[in-house]
Amino acid sequence: MSFIGAGPGAADLITLRGARRIAEADVVVWAASLVAPECVTEHARPGAELVDSSQIAHEDVLALYRRAADEGLRIARVHSGDPSLWGAVQEQYDAAEEIGLDVEIVPGVSAFGAAAAVAGRELTIPEVAQSVVLTRLEGGKTPMPPGEKLREFARHGTTMAIFLSAARSAQMVAELRAGGYAEDIPVVVAYRTSWPDELTLRCRLDEVEAVCKRHKLWRHTLFLVGPALGASGTRSHLYHPGHFHTFRKPDKAARQALRAARAASRPAP
Ligand SMILES: C[S@@+](CC[C@H](N)C(=O)[O-])C[C@H]1O[C@@H](n2cnc3c(N)ncnc32)[C@H](O)[C@@H]1O
């Protein structure tokens, strides 16, 4: 049994391994509301049993897994984005192991990477942001564990990728403000990235609520927030001609210039 990350939507953003596992499967289980049909239909073999998981309960899915174990069928369970994030994969993985299936997870492209790509942004810019917080707003059914409130993460001032929060964009903005983000901090609002009707909008923090209202973005939306979304930052040392590593020798003059620049930027003792 393979749990497969389908990527953000477009059928060609699934990994080669994920597509291969779908092609090998006797049964493909997928949520039609979250994964584009082509992701499954383009790769599944003719005659494979296709099951839309959004129409059935967890118990029915488990019954399907049990039948697969009894009949020696191969199952591909397709999840949106990467299965390691908000996919309810763990309970299924544990149950599948208990049933006696041989289980693996095939990673996928998460929505945050896809949204950054469409926006043409790197999320880690030298000396601006070196961390990315993947999080969500507290939901009615999903209280946040202690210490994981949006405002607490916002205090770091780094890049944040905020999932599952578009329906409460006003609350999200209030939390980010409370954590110290300025009104003009750049935000990328990404709706259904890589789907035919995708939307990628850039705005400031104080415009997010209006943008969501104007475009009716309540679901399938990801927010990238933080100074890295608007900054070019300093040059990365890794590709500087004065930097050396196991596979590359430094240029002498560039190395001296790099050292001088580093010494000049060091604070006086
Ligand atoms: C249940 S979570 C699944 C996340 C998924 N496992 C991932 O790695 O991207 C669903 C949320 O992910 C985000 N999301 C997933 N696919 C998206 C897409 N194509 N465009 C924008 N946001 C997306 C939205 O915030 C959505 O509410």
Which of the residues spanning the range 137-154 are crowded, with 18+ Cβ neighbours inside 10 Å and within 12 Å of the ligand (Cβ to nearest atom)?
Leu137
For the range 32-121, give me every one of the helices (runs of 4 or more DSSP H) that falls completely inside it and has 2 or more residues that are within 18 Å of Ile14 (Cα to Cα).
37-41, 111-119
Considering residues of the range 74-92 that are farther than 11 Å from Ser2 by Cβ and buried (at least 17 other Cβ atoms within 10 Å of the Cβ) only, the residue farthest from the ligand (Cβ to nearest atom)
Gln92
Of the conditions (1) in contact with a helix residue (DSSP H, G or I) (Cβ under 7 Å, 6 or more places away or on another chain); (2) modelled with pLDDT under 95, Thr142 fails just one. Which one is it?
(1)
Considering only the range 193-202, state which residues are open to solvent by less than 50 Å² (accessible area, probe 1.4 Å), near the ligand (Cβ under 9 Å from one of its atoms) and either of a type outside the set (Val, Ile, Thr) or at pLDDT below 95 (or both).
Ser194, Trp195
Among what's in the range 106-136 and is among the hydroxyl-bearing types (Ser, Thr, Tyr) and within 15 Å of the ligand (Cβ to nearest atom), pick the residue that is surrounded by the fewest Cβ atoms within 10 Å (Cβ to Cβ).
Thr135
Restricted to the range 41-61, and to residues that are among the aliphatic types (A, V, I, L, M) and modelled with pLDDT under 90, which residue is surrounded by the most Cβ atoms within 10 Å (Cβ to Cβ)?
Val61
Of Glu97, Glu138, Glu42, Glu71, the only residue that is free of Cβ contacts under 8 Å to residues at least 40 places away in the same chain, under 14 Å from Phe3 (Cα atoms) and of a type in the set (D, E, K, R) is Glu97
Quick check on my filter: what residues within the range 3-31 are open to solvent by less than 10 Å² (accessible area, probe 1.4 Å) and not in a helix (DSSP H, G or I)?
Phe3, Ile4, Gly5, Ala6, Gly7, Gly9, Ala25, Val27, Val28, Val29
Residue check, Gly157 modelled with pLDDT of 95 or more, more than 15 Å from Val187 (Cβ to Cβ), surrounded by 14 or more Cβ atoms within 10 Å (Cβ to Cβ) and in contact with a helix residue (DSSP H, G or I) (Cβ under 9 Å, 6 or more places away or on another chain)
no
On the basis of being in the same structural domain as Val27 (by TED's automatic domain parsing) and away from the ligand (no atom under 16 Å from the Cβ), does Gln55 make the cut?
yes
Selection count where residues are open to solvent by 10 Å² or more (accessible area, probe 1.4 Å) and more than 10 Å from the ligand (Cβ to nearest atom), scope the range 212-233:
9
With the checklist (1) out of contact with any Asp or Glu (no Cβ under 9 Å at 6 or more places or on another chain); (2) at pLDDT below 95; (3) not acidic (Asp, Glu) in hand, flag the one item Phe223 doesn't pass.
(2)
From the set of residues in the range 198-234 that are hydrophobic (A, V, I, L, M, F, W, C) and in contact (Cβ under 8 Å) with a residue 60 or more places away in the chain, which is nearest to Ile125 (Cα to Cα)?
Ala228
Hey, could you check the range 160-179 for residues that are of a type in the set (D, E, K, R) and open to solvent by 50 Å² or more (accessible area, probe 1.4 Å) and say which is farthest from the ligand (Cβ to nearest atom)?
Arg177
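The values are calculated or read from the model by the stated rules, or taken from the named source; none is laboratory data. Here the structure is a predicted model, which is why all the values come from computation and not from measurement. Because the Cβ atoms are built from the backbone with ideal geometry, glycine has one as well, and the counts that use them run over all protein chains shown. Ligands, DNA and RNA are excluded from the accessible area calculation, which covers all protein heavy atoms including side chains. Shrake-Rupley method; radii C 1.70, N 1.55, O 1.52, S 1.80 Å.
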